[in-house]
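The values are calculated or read from the model by the stated rules, or taken from the named source; none is laboratory data. Here the structure is a predicted model, which means the values were calculated and not measured. All Cβ positions, glycine included, derive from the backbone under ideal geometry; neighbour counts span all protein chains shown. The protein model used for the area step is the full one, side chains on, heavy atoms only, and it has no ligands, DNA or RNA in it. Shrake-Rupley method; radii C 1.70, N 1.55, O 1.52, S 1.80 Å.
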Amino acid sequence: MLREGFIHRSTRLARGQLEYADCQKWEANACYVWDYEGSKKLSHLLTGLLIVTMLAVTCFPIWPHILKVYLWYCSVTLLIIMIIFVIVRGALFLGLWILGYEFWIFPNLFDESLSVIDSFKPAYSFEHGAPGQRYYRSAMIASIAGLFVYCYNQPSDFDSFVAAQKDFVSDLYEGKLLADTSQQAKDDIDKIRRPSFEELAMEEEAEAQEREARSEIEKRHRIFSRSHEPGNAGAGTVTYAEDDEDAMLQLMDSMLDVHDE
């Protein structure tokens with residue numbers, strides 16, 4: 001068992017304290033420790049759950065439409081809860097900061113250097129504010145008072161703002177803020193798109209025109225090359241070559257137009 005690594009030899013340091021020994025040879029009077037990691041059921045269960053989750057996320061494009069809708073509702077709900085939490089958290093801090101205290105709910109929540117569990121520790125922090133901030137607190141009180149006065153004197157604008165937020169939340173749950181696509185495209189998002197006969201015919205025609213233009217360009221290029229050979233030089237030949245060059249350029253432009261279409 002010592003050779004296979006099930007147990008290892010240890011050195012006694014103090015009562016209840018052992019240290020891994022460098023010499024791993026069997027001796028009758030030595031101390032040995034049996035390594036036991038406990039049950040692996042939870043580890044295997046979490047590993048399987050992780051694999052299933054990754055496969056489910058990877059296969060998201062082929063999810064049923066109702067599952068996509070449920071996922072959208074869950075995402076929107078979590079987003080709204082997060083926004084409300086941040087607003088309440090900031091409002092509590094601001095109200096107590098004006099009174100000379102600093103109060104945070106989950107103060108390490110947005111600390112990226114901490115792990116997920118450590119981000120929720122401690123649950124809150126309550127400390128005295130830093131000295132010398134009297135003027136800043138006075139300015140904040142004046143700003144909040146001005147905001148309340150504005151909302152009181154302009155009720156229509158404030159009501160419009162509240163109505164706009166309600167419409168925004170409604171649009172979130174109804175999926176109107178998704179990509180600007182037609183309802184038919186949303187309904188057919190899980191269907192395999194097959195081109196129609198008209199589209200196939202248009203593709204065949206475009207490819208035929210492209211092949212014809214390419215062959216014509218190659219033909220013109222051969223004529224142009226022969227016209228520039230040393231034994232074929234002449235005024236009429238140069239004029240014919242220039243005409244061929246213009247025609248070749250026009251064919252190239254037409255081929256590019258067909259390719260763009």
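Return yes when Val86 is among the β-branched types (Val, Ile, Thr), at pLDDT 90 or above and surrounded by 10 or more Cβ atoms within 10 Å (Cβ to Cβ) and no when it is not.
Considered against the rule, which asks whether it is among the β-branched types (Val, Ile, Thr), at pLDDT 90 or above and surrounded by 10 or more Cβ atoms within 10 Å (Cβ to Cβ), Val86 comes out as yes.
Taking the criterion of being out of contact with any Asp or Glu (no Cβ under 7 Å at 6 or more places or on another chain) and at pLDDT 90 or above, would at least one residue in region 125-133 satisfy it? Even if it seems obvious, please write down each step before you answer.
First, the residues of region 125-133 that are out of contact with any Asp or Glu (no Cβ under 7 Å at 6 or more places or on another chain): 125-126, 128, 130-133.
Cutting the leftovers down to at pLDDT 90 or above gives us 125-126.
So far as region 125-133 goes, yes, one or more of its residues are out of contact with any Asp or Glu (no Cβ under 7 Å at 6 or more places or on another chain) and at pLDDT 90 or above.
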Which residue is modelled with the highest pLDDT, if the candidates are limited to region 183-211 and must be among the acidic types (Asp, Glu) and surrounded by fewer than 11 Cβ atoms within 10 Å (Cβ to Cβ)?
Glu204
Take Asp180 and decide whether it is surrounded by 11 or more Cβ atoms within 10 Å (Cβ to Cβ), outside any helix (DSSP H, G or I) and at pLDDT below 75.
no
Being open to solvent by less than 50 Å² (accessible area, probe 1.4 Å), within 30 Å of the chain's Cα centre (by Cα), over 20 Å from Ser143 (Cα atoms) and small (Gly, Ala, Ser) is the filter here; which residues of region 89-129 pass it?
Ser119
Can you go through Lys25, Lys68 and tell me which one is among the basic types (Lys, Arg) and either assigned to a strand (DSSP E or B) or open to solvent by 80 Å² or more (accessible area, probe 1.4 Å) (or both)?
Lys25
Under 9 Å between Cβ atoms, which residue pairs at least 6 apart in sequence (or on different chains) link something in region 15-31 that is among the polar types (S, T, N, Q) with a partner that is exposed (fewer than 10 other Cβ atoms within 10 Å of the Cβ)?
Gln24/Arg3
I'd like the full set of residues that are assigned to a helix (DSSP H, G or I) and open to solvent by less than 80 Å² (accessible area, probe 1.4 Å), limited to region 37-59.
Ser43, Thr47, Gly48, Thr53, Ala56
Here are some residues: Leu109, Leu99. Which one is hydrophobic (A, V, I, L, M, F, W, C) and out of contact with any helix residue (DSSP H, G or I) (no Cβ under 7 Å at 6 or more places or on another chain)?
Leu99
Out of region 130-146, which residues are open to solvent by 70 Å² or more (accessible area, probe 1.4 Å) and among the β-branched types (Val, Ile, Thr)?
Ile141
